[in-house]
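One structure is given here, and the rest of the page talks about it.
The values are calculated or read from the model by the stated rules, or taken from the named source; none is laboratory data. None of the values given here were measured: they were computed from a predicted structure. Because the Cβ atoms are built from the backbone with ideal geometry, glycine has one as well, and the counts that use them run over all protein chains shown. What goes into the accessible areas is simple: the full protein's heavy atoms, side chains included, and nothing from ligands, DNA or RNA. Shrake-Rupley method; radii C 1.70, N 1.55, O 1.52, S 1.80 Å.
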Amino acid sequence: MAMNTTQWNILYRGALDSCNYDCPYCPFAKKKNTREELSLDRQSLERFTHWVASREETINILLTPWGEGLIRSYYQKAMIDLSHMKQVTKIAIQTNLSCSLQWIDEVDKDAFALWITYHPNEVAFEDFVSKCNILIEKGIAFSIGVVGVKDHFEAIERLQKEITERYIWINAYKREENYYSASEEKWLSSIDTLFPYNNKVYDTKGKKCKAGHTSFSVAGNGDVYPCHFIKNKIGNLYQDTIESFLKPTTCINTHCRCYIGYMNLEELALGDVYGDKILERIPLTFK
């Protein structure tokens, strides 16, 4: 049977919101979910995985848990299982890479990728680089992001010198207006040539966006939203036909601040920059 030519980018976020790190810029630092909450999150992820297995469309998936998923064995299993499904051309997850890497050997490397964030105050530099080098040796695709607070500048420079085979991007700190000087912006752009894209708050209201059409966000209970930042529910994965709620749309929000939102903004044409690696945030070319 020929594969359906329809293709979707799906961002999945379940109930997990606990993390083993204590970053001051994150509201979920050192939070612990209860056993009941973790059980619900596991059941929801398994249900989503089974739903994906039932589809014929080409599906790209980015798991975006509020907390750290890969320290949980059921997230590791989901990543393995999804990577081997013929209809899944990409399965990626946001992670701090604090997990064991033994399970990585079981994934299909052609479909698997990691969106890694380096938190300099939470992990020894040598330990983080060692894990990254293991992934490089195993041929795993990944990018590394660092929150661009000024306290991290030294760590960013050090990381750039140590890891040269993978793209390092800077997550611009936009909570303070005019946070960076002109020289700091220039320096950060020399490390991440795409930093200017991220160091901006986009005016998006009424603009064409792929969110809600070829890209959409799914909650643990199956509720579907155009993206993580628009809370107008458009359907449910397990109760409705997808064709009944996906359609070309324009953004209803005034602004967009985050990559997983503005990557869908049509005027930016970021598909030309990232190609089929847009979910894991790896550009087609980087220095």
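So how exposed is residue 281, as accessible area in Å² (1.4 Å probe, rounded to 10)?
10 Å²
Rounded, prolate or oblate: which fits region 44-117, taking a ≥ b ≥ c as square roots of the Cα gyration tensor eigenvalues, rounded meaning a/c under 1.5, else prolate when a/b beats b/c?
On the way: a/c = 1.72, a/b = 1.49, b/c = 1.15.
In terms of gyration-tensor shape, prolate.
Report D for region 153-287 in µm² per second (integer): Stokes-Einstein, Kirkwood Rh on Cα pairs, 20 °C, 1.002 mPa s. Before the final figure, lay out the partial values.
On the way: Rh = 16.6 Å.
The estimated diffusion coefficient comes to 129 µm²/s.
Is region 107-208 best put as rounded, prolate or oblate by its Cα gyration tensor, with a ≥ b ≥ c the root eigenvalues, rounded for a/c under 1.5, and otherwise prolate when a/b is larger than b/c, oblate when not?
Working: a/c = 2.32, a/b = 1.38, b/c = 1.68.
Here region 107-208 falls in the oblate category.
If you roll a 1.4 Å probe over the heavy atoms of the protein chains, what accessible area per residue do you get for the chain, in Å²?
Numbers: 13840 Å² over 287 residues.
Heavy-atom SASA per residue in the chain reads 48 Å².
Can you return the lysines within cross-link range of residue 208? Criterion is Cα-Cα under 22 Å, with same-chain partners fewer than 8 residues away left out.
By straight Cα distance, residue 208 reaches 200, 231, 233, 247, 277.
In deg cm²/dmol, rounded to 500, what helix-only [θ] at 222 nm does the chain give when every DSSP H run of at least 4 residues adds -39500 (n - 2.57) and the total is split over its residues?
Values: 8 runs with 76 residues, N = 287.
Taking each H run of at least 4 residues, the total per residue is -7500 deg cm²/dmol.
Could you let me know the centre-to-centre spacing of region 99-137 and region 184-221, using Cα atoms, in angstrom?
24 Å
Could you estimate the translational diffusion coefficient of the chain from the Stokes-Einstein equation, with Rh from the Kirkwood formula over C-alpha pairs, at 4 °C and 1.567 mPa s, in whole µm²/s?
This corresponds to a translational diffusion coefficient of 66 µm²/s.
Per the 1.4 Å probe, what fraction of the accessible area of the chain, in percent, lies on carbon and sulfur atoms? The partial results should precede the final answer.
Details: 6550 of 13840 Å².
Using a 1.4 Å probe with all protein chains present, the chain comes out at 47 percent carbon and sulfur.
Looking at region 150-216, which GluC sites (Glu not before Pro) are DSSP coil and have at most 11 other C-beta atoms within 10 Å of their C-beta? All intermediate terms of the calculation are to be shown ahead of the outcome.
On the way: sites: 154, 157, 162, 165, 176, 177, 184, 185; in loops: 165, 176, 177.
Of the GluC sites (Glu not before Pro), the ones in loops of region 150-216 whose Cβ has at most 11 other Cβ atoms within 10 Å are 165, 176, 177.
In whole Å and largest first, what semi-axes does the C-alpha gyration tensor of region 63-165 yield when each eigenvalue is scaled by 5 and square-rooted? Write out the running numbers ahead of the final one.
Values: eigenvalues 124, 40, 29 Å².
In descending order the semi-axes read 25, 14, 12 Å.
Rounded, prolate or oblate: which one fits region 1-140, using the alpha carbon gyration tensor with axes a ≥ b ≥ c (rounded when a/c is under 1.5, else prolate when a/b beats b/c, else oblate)? Could you put the intermediate results ahead of the total?
On the way: a/c = 2.19, a/b = 1.37, b/c = 1.59.
Taking the square roots of the gyration eigenvalues as a ≥ b ≥ c, region 1-140 is oblate.
Give the lysines reachable from residue 150 as a straight Cα distance under 16 Å; neighbours fewer than 8 places away on the same chain don't count.
List returned: 174, 186.
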